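Notes for the one structure printed next.
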Amino acid sequence: MAWIPPDKLSLANEVDLLSYLQAKEPHELRSSGPGVYRTATHDSLVISNGLWIWNRGSVGGRSALKYLTEVRGMSLQDAVEQVLGSGVSDFPSPLPITSNGISQKKWTFYPPKPVRYPNLAISYLRKRGISMDVIQRAMQIGIVYESRYYNPDSEYHNTPICVFAGNDLDGKMVFAALRGINTDLKIDKAGSNKQFNFHISAKESASTQVAVFESPIDAFPMLHVNIALVGNTVSTVCL
């Protein structure tokens, strides 16, 4: 492999994927919600909160360099040249990243508005193998409900969605994972605070057990179990 000067490699690593695509390949970007993008070439690749994840390839990160090498299959040398071009000054400033690796929130969070009759969400959850008792309990405590996706620039605009809510320590909803009921929409609501992901609290406040799941759907059976539960959806932009 050809030698790459360390300073040049470091500069290339500073460029996040969204900044790279905006500057070099804007035709690749497809808006999927406020601050959320997909790409024309890979519709299962989602860019949000300064990070990206390619669900089909099970890989993700922040930098454009990793995208070009692991998704596009470029050599590292070619990827560095592709990213830098005439220099990093070509790119807008990336979103600031906090100590926990999550970019600072850019959007104000507004909970999706629930519909009056959640028949589609109930049918969707039943098809996923969730019992009616569990669905009713989840809707009763407000952690799951049906809404509609609003984004006039998206192909999913006005489609029905199932909302999986996350509440902060005061019980205020600050996170929402959105899943299309009859589409493949899978995103988090803009402005969601990932520190308070979808979770089900223990019946007993003294409980010392925590069960971690990949998605809210997997966590549902724990409504019948007397332990603390946290559904971890950050690495998948959920499901």
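Listed values, structure above:
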read-out: Yes/no for L51 being more than 18 Å from D153 (Cα to Cα), touching a residue at least 40 places away in the same chain (Cβ under 8 Å) and either surrounded by fewer than 16 Cβ atoms within 10 Å (Cβ to Cβ) or under 11 Å from the mean Cα position of the chain (by Cα) (or both); value: yes
read-out: Filtered residues of the range 1-18 (kept if outside any helix (DSSP H, G or I) and charged (D, E, K, R)); value: E14, D16
read-out: Criterion (closer than 15 Å to Y110 by Cα, of a type in the set (G, A, S) and at pLDDT below 85) met by exactly one of A206, A190, A165; value: A190
read-out: Scope the range 19-34; condition assigned to a helix (DSSP H, G or I), surrounded by 15 or more Cβ atoms within 10 Å (Cβ to Cβ) and either among the charged types (D, E, K, R) or without any contact (Cβ under 8 Å) to a residue 40 or more places away in the chain (or both); matching residues; value: K24, E28
read-out: Selected residue (only one of A190, A177 is within 13 Å of the chain's Cα centre (by Cα) and assigned to a loop (DSSP other than H, G, I, E, B)); value: A190
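Condition check ((1) surrounded by 15 or more Cβ atoms within 10 Å (Cβ to Cβ); (2) in contact with a Cys (Cβ under 7 Å, 6 or more places away or on another chain); (3) over 21 Å from P26 (Cβ atoms); (4) at pLDDT below 85) across all residues:
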{"position": "A79", "(1), (2), (3), (4)": "yes, no, no, no"}
{"position": "L95", "(1), (2), (3), (4)": "yes, no, no, yes"}
{"position": "T98", "(1), (2), (3), (4)": "no, no, yes, yes"}
{"position": "I102", "(1), (2), (3), (4)": "yes, no, yes, yes"}
{"position": "T108", "(1), (2), (3), (4)": "no, no, yes, yes"}
{"position": "K127", "(1), (2), (3), (4)": "no, no, yes, no"}
{"position": "E146", "(1), (2), (3), (4)": "yes, yes, yes, no"}
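The values are calculated or read from the model by the stated rules, or taken from the named source; none is laboratory data. What you see is a predicted model, and the numbers here were worked out from it, not measured in a lab. Neighbour counts are summed over all protein chains in view; Cβ atoms, including those assigned to glycine, are modelled from backbone coordinates with ideal geometry.
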